[in-house]
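Worksheet: one structure, shown below.
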Amino acid sequence: MSPRTLYEKIWDRHVISAARLPVPLLYIDRHFIHEATSPQAFAGLKAADRKVRRPDLTFAVMDHSVPTKDRRNAVITGNRAKLFDALDRNCRETGVRLFDMNSKNQGIVHIIGPEMGITQPGQTIVCGDSHTSTHGAMGALAFGIGTSEVETVLATQCLPQYTSKTMLVRIEGKRTRGITAKDLMLAVIEKLGFSGGTGHVIEYGGEAVRALSIEERMTLCSMSIECGARAGMVSPDETTFRYLEGRPFVPRGNDFEAAVKIWRSYASEPGATYDSTIELNAAEVAPKVTWGTNPGMVANINAAVPDPSSYANEEERESVIRALDYMDLNPGTRIVDIPIDRVFIGSCSNGQIEDLRAAAAVLAGKKISKSLKQALVVPASTQTKLQAEAEGLDRIFVEAGFEWRDSGCSMCIAMNEDVLPPGERCASTSNRNFEGRQGKGGRTHLVSPAMAAAAAIAGKFVDVRDMQIAGVV
Amino acid sequence: MKPFSEHAGTVVPLDRIDVDTDQMVPKQFILRGTRDGYGRDLFHDWRYLPNGDPDPDFVFNFPRYKGASILLARSNFGCGSSREHAAWAVRDYGFQVVIAPSYADIFYTNAFNNGVLLVTLPAEQVDELFRRAEKTEGYELSVDLETLSITDNRQLRFPFTIDEYRRNRLLKGLDDIGSMIEHDKEIAAFEGSHAIPAPIVTGPVDMKVSTS
Ligand code: SF4
């Protein structure tokens, strides 16, 4: 057999060929649900008198709209309360495992899967959320679906799926000091374009990717959807197996060794071919800051806001003009001259323990700028929060002037109280800078955690490489 | 779902690339937990002024496009979030057809799952439709899923393609589950021989509801 990719292997082992539908029927190994996109699916099942076929393969968590401030005493009312009640009730009625907002294993849905070892190499994974691609860091095929598909998977544990094209994003070279997975991924999106990955499953490979930790690979995979890709993935390797060992859903002892053998067999083989390949040299990547209203509108920290007239394509030019208008930025303004009002460190892209350590390293012994209205740290999971507290990171953040919060999606999507007010500018470690994403009229600049921390100190964007930092990433 | 075979209606042109689902239905409305009633929220932040009145500068509010049921859009329509609310809002507003040069993957599936036909045409043809829709007040198109063609009353005729599975489902008004339940035996047989084991708890976890 000719060499095959990770994607092809997972695909082949999950298509139910006997079903003979006009479209391949893909079996789903793990289904994650959360409060925001599942109630309609359960209601649909109930109305049609259907059952959840495999509650044991389904995992539920409360994350998108949970309060992050003093959660245990928070009073939740209105539609939000209804969403949480519905999830709680639906899980009880159907036997789906639920990590509710006060569980020690609560967290952003794409973080807790890998964190508990529910997500493993070779699996097919879906969730009613576009950043499901995050799980691909473990060597899984993971993609976001709509609520009708959530209902389909609940009822049948399968989805009719078309094959995707494959793309290899090969990142060679060694990144320099201060460059994070976030910067690498923003560089990929800059190169590929905001919709350049549409219809594709991206596999990240090359020397620089192999050197990344699982959390960093999750940053890459999480943001795959930001260039339109169906999924992002990294072939499982020793880093993956080491990460998984000992986690609460991972087999132990001899069973672990046996599992590793199978997991290893999923890795892409040398010589496997992809529909397209793009290459990037990590050594040439600088810290990135987005200036527009999609993640492809991005520049190096030492560059300036572009001039719309430099765009040859008319549609693109118009969208840049609109973006600059929304962002209230002038062409030619240097990125380092952009002042900020708030800082948000969190999200499934950059709210994990390594992210918090990187930000804390920048902040240690310093204070955030007096000009800031708010600086938030929202750990990506409750376990992350506990770990950070055990390491004393919370104290560094609080002493610097940050608010230390409970875990959730928070100001990445602003479905709870954490909202960016109209006209204000936020340095955010999240993954989406769409109009209104963090709050109606709010202006989002995507950066790495270290860059967000540096911006918090300066009250404007600065090059984290120019700062004196003990042990910066 | 209602079967769909052909539709004729007024066209509203939305001249922006990369329209994302966060714009289509801003997050404050997705807390509602229902499938219906999102039509009034569609493009909320563009459509309404801060005081809640319709923004006269937004194309949906031009009197000439009132009652439009065909949405003409630009490339990468529906990108971003997986929220099906975007498709529900498009349907609930009264759109039966969207025409654009390209769509984001998840929105594409969501729209078809709600009986909304997404037609993909080459960019030049979409340009031509924009010109006609902007020039002629009350510009109408007929979209025929049987013959796979789009026509107006001025000799325009654009053929389009769509995969057979989706076309059939729309023509018959079938949803996914309906067509898959019949394959329960094959799914069960697959489960019996599948190499990936169900999750087993091997360490401490803090679950509210747990499968016994
Ligand atoms: S953190 Fe943001 S991107 Fe990630 S799942 Fe939550 S809302 Fe989606």
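The values are calculated or read from the model by the stated rules, or taken from the named source; none is laboratory data. Being a predicted model, the structure only gives us computed values, none of them experimental. As a convention, Cβ positions derive from the backbone with ideal geometry for all residues, glycine included, and neighbour counts pool all protein chains shown.
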The lone exception for B:Ile177 - which of (1) assigned to a loop (DSSP other than H, G, I, E, B); (2) touching a Ser or Thr at 6+ places or on another chain (Cβ under 7 Å) it fails: (1)
Subset tally (residues that are surrounded by 20 or more Cβ atoms within 10 Å (Cβ to Cβ) and farther than 19 Å from A:His110 by Cβ) for the range A:373-393: 3
Condition check for A:Arg242: under 25 Å from A:Lys165 (Cα atoms) and surrounded by fewer than 21 Cβ atoms within 10 Å (Cβ to Cβ): no
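I'd like the full set of residues that are in a loop (DSSP other than H, G, I, E, B) and either charged (D, E, K, R) or facing another protein chain (nearest Cβ under 10 Å) (or both), limited to the range B:77-94.
The initial filter retains those residues of the range B:77-94 that are in a loop (DSSP other than H, G, I, E, B), namely B:78, B:80-84, B:94.
Hits for the range B:77-94 are B:Gly80, B:Ser81, B:Ser82, B:Arg83, B:Glu84.
Yes/no per residue for (1) away from the ligand (no atom under 16 Å from the Cβ); (2) β-branched (Val, Ile, Thr); (3) away from chain B (no Cβ under 12 Å):
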| position | (1), (2), (3) |
| --- | --- |
| A:Ala360 | yes, no, yes |
| A:Lys367 | yes, no, yes |
| A:Ala375 | yes, no, yes |
| A:Lys385 | no, no, yes |
| A:Val419 | no, yes, no |
| A:Arg465 | yes, no, yes |
Meets criteria (surrounded by 21 or more Cβ atoms within 10 Å (Cβ to Cβ), more than 14 Å from A:Gly136 (Cβ to Cβ) and more than 14 Å from chain B (Cβ to nearest Cβ)) for A:Gly206: no
The range B:138-158, subset part of a strand (DSSP E or B) and more than 20 Å from the chain's Cα centre (by Cα), residue surrounded by the fewest Cβ atoms within 10 Å (Cβ to Cβ): B:Arg157
Filter result for A:Asp406 (within 16 Å of the ligand (Cβ to nearest atom), touching a residue at least 40 places away in the same chain (Cβ under 8 Å) and surrounded by fewer than 24 Cβ atoms within 10 Å (Cβ to Cβ)): yes
Subset of the range A:400-413 (residues that are assigned to a loop (DSSP other than H, G, I, E, B) and over 23 Å from A:Cys221 (Cβ atoms)): A:Gly401, A:Phe402, A:Arg405, A:Asp406
All positions within the range A:48-59 that are more than 14 Å from B:Pro199 (Cα to Cα), surrounded by 17 or more Cβ atoms within 10 Å (Cβ to Cβ) and at the interface with chain B (Cβ under 9 Å from one of its Cβ atoms): A:Arg53
Sole exception among (1) crowded, with 20+ Cβ neighbours inside 10 Å; (2) closer than 16 Å to A:Lys385 by Cβ; (3) away from the ligand (no atom under 16 Å from the Cβ) for A:Lys104, by number: (1)
Which listed residue, of A:Ala400, A:Ala364, is out of contact with any Asp or Glu (no Cβ under 6 Å at 6 or more places or on another chain) and surrounded by 20 or more Cβ atoms within 10 Å (Cβ to Cβ): A:Ala400
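Of the residues that sit in the range A:123-136 and are in a loop (DSSP other than H, G, I, E, B) and in contact with an Asp or Glu (Cβ under 8 Å, 6 or more places away or on another chain), which one is nearest to the ligand (Cβ to nearest atom)?
In this case the residue turns out to be A:Gly128.
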Residue check for A:Ile214: among the aliphatic types (A, V, I, L, M) and surrounded by fewer than 24 Cβ atoms within 10 Å (Cβ to Cβ): yes
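Going by the structure shown, is A:Leu45 more than 7 Å from chain B (Cβ to nearest Cβ), surrounded by 24 or more Cβ atoms within 10 Å (Cβ to Cβ) and more than 25 Å from A:Glu216 (Cα to Cα)? Please lay out each step first, then the result.
Numbers: more than 7 Å from chain B (Cβ to nearest Cβ): yes; surrounded by 24 or more Cβ atoms within 10 Å (Cβ to Cβ): no; more than 25 Å from A:Glu216 (Cα to Cα): yes.
Against the criterion (more than 7 Å from chain B (Cβ to nearest Cβ), surrounded by 24 or more Cβ atoms within 10 Å (Cβ to Cβ) and more than 25 Å from A:Glu216 (Cα to Cα)), A:Leu45 does not qualify.
Step by step: first the residues of the range A:421-456, then only those that are more than 20 Å from the chain's Cα centre (by Cα) and in a loop (DSSP other than H, G, I, E, B), then the one that is farthest from the ligand (Cβ to nearest atom). Which residue is that?
If we filter the range A:421-456 for residues that are more than 20 Å from the chain's Cα centre (by Cα), which is where we start, we get A:421-425, A:440-442, A:454-456.
Then keep just the ones that are in a loop (DSSP other than H, G, I, E, B); that gives A:421-424, A:440-442.
Details: A:Pro421: 19, A:Pro422: 20, A:Gly423: 22, A:Glu424: 19, A:Lys440: 16, A:Gly441: 19, A:Gly442: 14 Å.
Going through the qualifying residues, I end up with A:Gly423.
Would you be able to tell me the number of residues in the range B:1-42 that are of a type in the set (A, V, I, L, M, F, W, C), crowded, with 22+ Cβ neighbours inside 10 Å and closer than 26 Å to A:His131 by Cβ? Working first, answer last.
Going residue by residue through the range B:1-42, those that are of a type in the set (A, V, I, L, M, F, W, C) are B:1, B:4, B:8, B:11-12, B:14, B:17, B:19, B:24-25, B:29-31, B:42.
Filter once more, so that each one left must be crowded, with 22+ Cβ neighbours inside 10 Å: B:11-12, B:17, B:19, B:24-25, B:30, B:42.
Checking which are closer than 26 Å to A:His131 by Cβ leaves us with B:17, B:19, B:24-25, B:30, B:42.
Result for the range B:1-42: 6.
Has the range A:66-89 got at least one residue that is charged (D, E, K, R) and under 26 Å from A:Ser213 (Cα atoms)? Even if it seems obvious, please write down each step before you answer.
First, the residues of the range A:66-89 that are charged (D, E, K, R): A:69-72, A:80, A:82, A:85, A:88-89.
With under 26 Å from A:Ser213 (Cα atoms) added as a condition, the list becomes none.
Within the range A:66-89, none of the residues are charged (D, E, K, R) and under 26 Å from A:Ser213 (Cα atoms).
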Out of B:Arg35, B:Arg64, B:Arg74, sole residue that is assigned to a helix (DSSP H, G or I) and more than 16 Å from the ligand (Cβ to nearest atom): B:Arg64
Total residues in the range A:251-294, condition in a strand (DSSP E or B) and surrounded by fewer than 19 Cβ atoms within 10 Å (Cβ to Cβ): 5
Output for the range A:69-110, where each listed residue is aliphatic (A, V, I, L, M), more than 7 Å from every other protein chain (Cβ to nearest Cβ) and either part of a loop (DSSP other than H, G, I, E, B) or closer than 25 Å to A:Asp255 by Cβ (or both): A:Ala74, A:Val75, A:Ile76, A:Met101, A:Ile108
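Out of curiosity, is A:Tyr204 assigned to a strand (DSSP E or B) and among the aromatic types (Phe, Trp, Tyr)? Talk me through it step by step, then tell me what you get.
On the way: assigned to a strand (DSSP E or B): yes; among the aromatic types (Phe, Trp, Tyr): yes.
So A:Tyr204 fits the description; yes.
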Checklist (1) over 22 Å from the mean Cα position of the chain (by Cα); (2) facing chain B (nearest Cβ under 10 Å) applied to A:Met62, failing item: (1)
Selection count, the range B:1-22, where residues are modelled with pLDDT of 95 or more and assigned to a helix (DSSP H, G or I): 1
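Starting from residues that are within 14 Å of the ligand (Cβ to nearest atom) and among the small types (Gly, Ala, Ser), keep the ones in the range A:137-171 and report whichever is farthest from A:His200 (Cα to Cα).
Within the range A:137-171, the subset within 14 Å of the ligand (Cβ to nearest atom) is A:137, A:142-145.
Among the residues that remain, those that are also among the small types (Gly, Ala, Ser) are: A:137, A:142, A:144.
Details: A:Ala137: 16, A:Ala142: 13, A:Gly144: 13 Å.
If we take residues in the range A:137-171 being within 14 Å of the ligand (Cβ to nearest atom) and among the small types (Gly, Ala, Ser), then A:Ala137 is farthest from A:His200 (Cα to Cα).
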When residues of the range B:45-54 are limited to those that are assigned to a helix (DSSP H, G or I) and facing chain A (nearest Cβ under 9 Å), the one nearest to A:His131 (Cα to Cα): B:Asp45
Positions within the range B:171-212 being under 24 Å from the mean Cα position of the chain (by Cα) and under 23 Å from A:Asp49 (Cα atoms), in sequence order: B:Lys172, B:Gly173, B:Leu174, B:Asp175, B:Asp176, B:Ile177, B:Gly178, B:Ser179, B:Met180
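Conditions (1) modelled with pLDDT of 95 or more; (2) of a type outside the set (S, T, N, Q); (3) within 16 Å of the ligand (Cβ to nearest atom), marked per residue:
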| site | (1), (2), (3) |
| --- | --- |
| A:Trp263 | yes, yes, no |
| A:Glu315 | no, yes, no |
| A:Leu324 | yes, yes, no |
| A:Leu329 | yes, yes, no |
| A:Asp355 | yes, yes, yes |
